[in-house]
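Worksheet for the structure shown next.
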Amino acid sequence: MVIILKSNPNKKQLDNLLSWLKSMNLGIHMSEGANTTLIGLIGDTSGVDMELINALDIVETVKRIQEPYKNANRKFHPDSTVVDINGVKLGDGNFQIIAGPCSVESEEQICQVALAVKEAGATLYRGGAFKPRTSPYAFQGMREEGINLLLEAKKVSGLPIVTEVMDISHLPLFENVDVIQVGARNMQNFELLKELGTLKKPILLKRGLSSTLQEFLMSAEYIMAGGNNNVILCERGIRTFETSTRNTLDLASIPLLKSLTHLPVIVDPSHATGIARLVKPMALAAAACGADGLMIEVHNDPAHALCDGAQSLTPEAFKDVADAVKAILPYSFKGAK
Ligand code: PEP
Ligand code: MN
């Protein structure tokens, strides 16, 4: 971090600033030019409040030279992380497809789709039990019963399960869930992230609706700072001025994230587009630019789905996507380090 001072800084205020910085165990490198004085900070500046320094009378501006995330940063961990989900490895060349309905609706539905997506090539199974809906009057999910039905589908299909947590108080229900999902709306629920950091379970962290990549990585950092390094990032589209798709899929984020972090990055083309026929081209594009996996919504009867039917694929359409993606994987972009 570099602090640029205004010309002729008040000596007493400068001494106060320097002794405060030293009290944080930071090394100081002063560089005095004809008009400008720079203070270079040496050491771990992740705990330094830039805005506080910026507000001081003697400070012109403050610049961070290094990213504020250490655990998630590829600079400090050059090898790509492989997350082990009960034997299913994801990351560093291990490409996995998570598929399943938006919501758990009944035992028959959740078990039927589990067998169908497994047959079609999915290696992990998704289904929402707690649903973050925009309207309080929309279907809110089957909650605890939904988790039990997912566990039933896991037994029937043998696929590890992924499902979303919305509140810390629900976590005891997730004991036998293989991957806990943090949805876009909760990406900056910092208390929830801290709690997930105390677990050993893999966490699938979705990008917030309007989050920058740095904010996304800082949320991963919250989980990792607690000791849980099993974090999978999921690009699921961001909110832009465009309204013809549900969100705008930020494909460039994939190679960029993979150069910034060692964590695996997957893509959800279903929530990114909101339109079933766009899922295949976006899934192919995501795989081509180096994603480590996909999350795709599949329903046995999309027209009657209780949630997100318009973006859900039938098992047959999902098989077509999974086969096409697998065919191009050998040619996908692997250069981002
Ligand atoms: C989901 O995956 O079910 C979901 C709600 O997605 P998102 O948080 O990305 O909107
Ligand atoms: Mn959905």
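The values are calculated or read from the model by the stated rules, or taken from the named source; none is laboratory data. In this text the structure is predicted, and so the values were computed from the model without any measurement. Reconstructed Cβ throughout: ideal geometry from the backbone, glycine too, with neighbour counts over all protein chains shown.
Okay, here's what the table says:
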item	result
Hits in segment 253-291 - residues which are under 19 Å from Ala184 (Cα atoms), away from ligand 1 (no atom under 12 Å from the Cβ) and in a loop (DSSP other than H, G, I, E, B)	Leu263, Pro264, Ile275, Ala291
Meets criteria (within 16 Å of ligand 2 (Cβ to nearest atom) and under 17 Å from Gly91 (Cα atoms)) for Ala283	yes
Any pair with Cβ under 6 angstrom, 6 or more apart, that starts in segment 227-242 at a residue that is on the phi > 0 side of the Ramachandran plot and ends at one that is among the acidic types (Asp, Glu) and within 16 Å of ligand 2 (Cβ to nearest atom)	none
Sole exception among (1) in contact with a His (Cβ under 9 Å, 6 or more places away or on another chain); (2) more than 16 Å from ligand 1 (Cβ to nearest atom); (3) modelled with pLDDT of 95 or more; (4) more than 25 Å from Met218 (Cβ to Cβ) for Leu38, by number	(3)
Exclusive hit being within 14 Å of ligand 2 (Cβ to nearest atom), of a type in the set (A, V, I, L, M, F, W, C) and assigned by TED's automatic domain parsing to the domain that holds Ser253, set Leu313, Leu263, Leu278	Leu313
Residue in segment 9-23 that is surrounded by 12 or more Cβ atoms within 10 Å (Cβ to Cβ), of a type in the set (A, V, I, L, M, F, W, C) and in a strand (DSSP E or B) present	no
Single residue of Asp49, Asp44 found to be acidic (Asp, Glu) and modelled with pLDDT of 90 or more	Asp49
Segment 18-33 residues that are closer than 15 Å to Asp44 by Cα and assigned by TED's automatic domain parsing to the domain that holds Asp44, paired with ones that are assigned to a helix (DSSP H, G or I) and of a type outside the set (Gly, Ala, Ser) (beta carbon under 7 Å, 6 or more apart)	Ile28/Leu18; Ile28/Leu21; Ile28/Lys22
Close pairs from segment 55-72: first in contact (Cβ under 8 Å) with a residue 60 or more places away in the chain, partner among the β-branched types (Val, Ile, Thr) and assigned to a strand (DSSP E or B), Cβ under 6 Å, at least 6 apart	Val62/Ile3; Lys63/Val2; Ala72/Thr261
Condition met for Lys194 (charged (D, E, K, R), away from ligand 1 (no atom under 12 Å from the Cβ), in a loop (DSSP other than H, G, I, E, B) and at negative phi)	no
Within segment 65-114, considering residues that are basic (Lys, Arg) and outside the structural domain of Thr261 (by TED's automatic domain parsing), the one farthest from ligand 1 (Cβ to nearest atom)	Lys75
Residues that are of a type in the set (Ser, Thr, Tyr) and either within 12 Å of ligand 1 (Cβ to nearest atom) or closer than 14 Å to Ile180 by Cβ (or both), drawn from segment 126-158	Thr134
Residues within segment 203-229 that are part of a loop (DSSP other than H, G, I, E, B) and surrounded by fewer than 24 Cβ atoms within 10 Å (Cβ to Cβ), tallied	9
Elements of type strands (runs of 3 or more DSSP E) contained in segment 43-155, each with 1 or more residues being under 19 Å from the mean Cα position of the chain (by Cα)	83-85, 88-90, 96-100, 124-126
Residue in segment 88-98 that is more than 30 Å from Gly290 (Cα to Cα) and not aliphatic (A, V, I, L, M) present	no
